[in-house]
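Chemist: Sharing a structure below in structure tokens format, with a few things to ask.
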Amino acid sequence: MTEKILLVDDEEGIRTVLGIALADYGYEVLTAASGGEAVSVFRKQKPSIVLTDIKMPGMDGIQVLRKIKEESPDTEVIMITGHGDLELAIESLKCDATDFITKPINDDALEIALKRANEKIFLKAKMQEYTENLERLVEEKTRELLETERLAAVGQTVAGLAHAIKNVVSGLKGGAFVLEKGIQLDNQKYLLEGWEMIKGNLEKIGNMTLDLLNYSKDRVPDYQLCDLNQPAREVFDLMFQEARRRGVILEKDLDKELSKGWMDPDGIHRCILNLVTNAIDACTDISCVHGKGKMVAIRTRKIVGWAVVYEVEDNGCGMDTETREKIFEQFFSTKGSRGTGLGLMITKKIITEHGGKISCESQKGKGTRFLFRLPEKENPSDTEIR
């Protein structure tokens with residue numbers, strides 16, 4: 001395809017002579033006798049090079065240059081000047097002209113200017129090609145990386161889930177074995193122990209299924225205006241007797257000055273329950289705690305910038321630094337075969353959905369303290385309430 005060049009000069013003789021020379025160089029030559037006509041031709045034909053005189057009546061060459069660069073920055077514009085127009089030539093270069101040549105036009109100077117213009121066009125095209133290739137390569141590599149990360153996450157999830165299911169199945173098999181022995185030996189104690197083991201693992205399957213469903217869904221909290229102490233109070237009432245049965249003293253210290261606030265009470269109840277259950281387990285994993293009784297405390301308080309802080313603290317077995325850093329990872333559990341690793345995953349997810357933050361402080365052999373904060377919230381919009 002023949003490259004187009006626009007020649008702009010108010011003198012017909014120059015247009016004719018230069019037009020012949022440019023045609024000999026292999027260009028399709030377009031001509032204009034004024035700046036206004038040049039802009040009109042340029043908009044219709046879109047030539048890659050413009051060769052324009054600087055001094056013309058009406059719209060001069062500098063104005064033509066600025067207009068073309070404004071509409072098409074990649075178009076190369078060569079200026080034609082007289083011997084006394086050096087300042088105008090320099091001004092044109094400041095306006096991003098490709099080059100300038102002086103009258104009378106020397107064939108060698110014209111050829112060099114056209115060569116420079118074509119080199120710039122070639123380099124810009126190559127740069128554009130390289131940029132597009134780089135963008136495409138980055139996009140492809142990004143997709144590959146995301147797919148690799150997705151597959152790794154899927155693999156980690158499947159492995160964790162398989163481990164959790166294996167633990168439950170082992171518990172069911174153990175319960176079935178004890179129950180079977182009870183039947184064979186007509187032993188009431190074995191029958192009751194086996195059935196309790198099976199019941200416990202069936203409950204674990206149900207809870208694990210609900211946890212997985214909750215974790216897999218992106219959900220908006222079911223905001224309600226309620227007593228911020230309510231979830232903590234309900235968990236205390238629910239777990240008091242269970243803690244006592246396991247030799248743990250469950251205490252509560254709820255801030256009576258807390259006002260009502262917007263939250264998902266069921267979700268926050270679930271978070272506190274998970275933390276209290278873990279705390280009771282941590283206490284029953286050791287025979288005594290620093291010579292004192294085993295204790296778990298549920299607390300609430302108000303701090304500046306947050307609606308409420310919930311705190312669950314125990315004086316149980318505690319965690320070392322390595323363990324503490326992993327507790328919110330998928331399917332990580334400190335309970336061995338007794339745990340699924342889903343509890344803290346769900347807890348963190350619910351708190352994050354509320355816009356809150358959770359943290360943990362723990363020392364091996366000295367106990368653990370979990371704190372999570374919920375932000376102050378005005379009446380949520382209809383898009384936030386389901």
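Chemist: Restricted to the range 303-319, and to residues that are more than 25 Å from residue 293 (Cβ to Cβ) and assigned to a loop (DSSP other than H, G, I, E, B), which residue is least open to solvent (accessible area, probe 1.4 Å)?
Modeler: Selected residue: 307.
Chemist: For the range 3-55, give me every one of the strands (runs of 3 or more DSSP E) that falls completely inside it and has 2 or more residues that are surrounded by fewer than 21 Cβ atoms within 10 Å (Cβ to Cβ).
Modeler: 28-32
Chemist: What number goes with the only condition from (1) part of a loop (DSSP other than H, G, I, E, B); (2) modelled with pLDDT of 90 or more; (3) surrounded by 16 or more Cβ atoms within 10 Å (Cβ to Cβ) that residue 327 does not pass?
Modeler: Unmet condition: (2).
Chemist: Now for a separate question. Which ones in the range 99-124 are over 15 Å from residue 14 (Cβ atoms), of a type in the set (Val, Ile, Thr) and touching a residue at least 40 places away in the same chain (Cβ under 8 Å)?
Modeler: 121
Chemist: Of all residues in the range 65-92 being over 19 Å from residue 5 (Cα atoms) and open to solvent by 60 Å² or more (accessible area, probe 1.4 Å), which is nearest to the chain's Cα centre (by Cα)?
Modeler: Restricting to residues being over 19 Å from residue 5 (Cα atoms) and open to solvent by 60 Å² or more (accessible area, probe 1.4 Å), the top hit is 91.
Chemist: Name, by its number, the condition in (1) part of a loop (DSSP other than H, G, I, E, B); (2) at pLDDT below 85; (3) not aliphatic (A, V, I, L, M) that does not hold for residue 337.
Modeler: Result: residue 337 passes all but (1).
Chemist: Are there any pairs with C-beta distances below 6 angstrom linking a residue in the range 352-368 that is assigned to a strand (DSSP E or B) to a residue that is open to solvent by less than 20 Å² (accessible area, probe 1.4 Å) and among the acidic types (Asp, Glu), with the two at least 6 apart or on different chains, and if so which?
Modeler: From residues that are assigned to a strand (DSSP E or B), the pairs are 367/314; 368/314.
Chemist: Just give me the residues in the range 233-289 being more than 22 Å from residue 366 (Cα to Cα) and within 34 Å of the chain's Cα centre (by Cα), in sequence order.
Modeler: 260, 261, 262, 263, 264, 265, 266, 267, 268, 269, 270, 271 - these are the residues of the range 233-289 that are more than 22 Å from residue 366 (Cα to Cα) and within 34 Å of the chain's Cα centre (by Cα).
Chemist: Let me ask another. Across the range 1-55, what is the total count of residues that are polar (S, T, N, Q) and at pLDDT below 90? Even if it seems obvious, please write down each step before you answer.
Modeler: Filtering the range 1-55 down to residues polar (S, T, N, Q) leaves 2, 16, 31, 34, 40, 45, 48, 52.
Subsequent filtering for residues that are at pLDDT below 90 retains 2.
Selection size over the range 1-55: 1.
Chemist: Keeping to the range 55-64, report how many residues are within 51 Å of the chain's Cα centre (by Cα) and of a type in the set (A, V, I, L, M, F, W, C).
Modeler: 2
Chemist: Then there's this: Could you name every one of the strands (runs of 3 or more DSSP E) located completely within the range 225-301 that has at least 1 residues being open to solvent by less than 10 Å² (accessible area, probe 1.4 Å), more than 22 Å from residue 358 (Cα to Cα) and modelled with pLDDT of 90 or more?
Modeler: In the range 225-301, 248-253 are the strands (runs of 3 or more DSSP E) which contain 1 or more residues that are open to solvent by less than 10 Å² (accessible area, probe 1.4 Å), more than 22 Å from residue 358 (Cα to Cα) and modelled with pLDDT of 90 or more.
The values are calculated or read from the model by the stated rules, or taken from the named source; none is laboratory data. Keep in mind the model is a prediction, meaning the values are calculated, not measured. Heads up, the Cβs are rebuilt from the backbone with ideal geometry, glycines too, and the neighbour counts pull from every protein chain shown. For the accessible areas, the whole protein counts, side chains as well, though only heavy atoms, and no ligand, DNA or RNA atoms are used. Shrake-Rupley method; radii C 1.70, N 1.55, O 1.52, S 1.80 Å.
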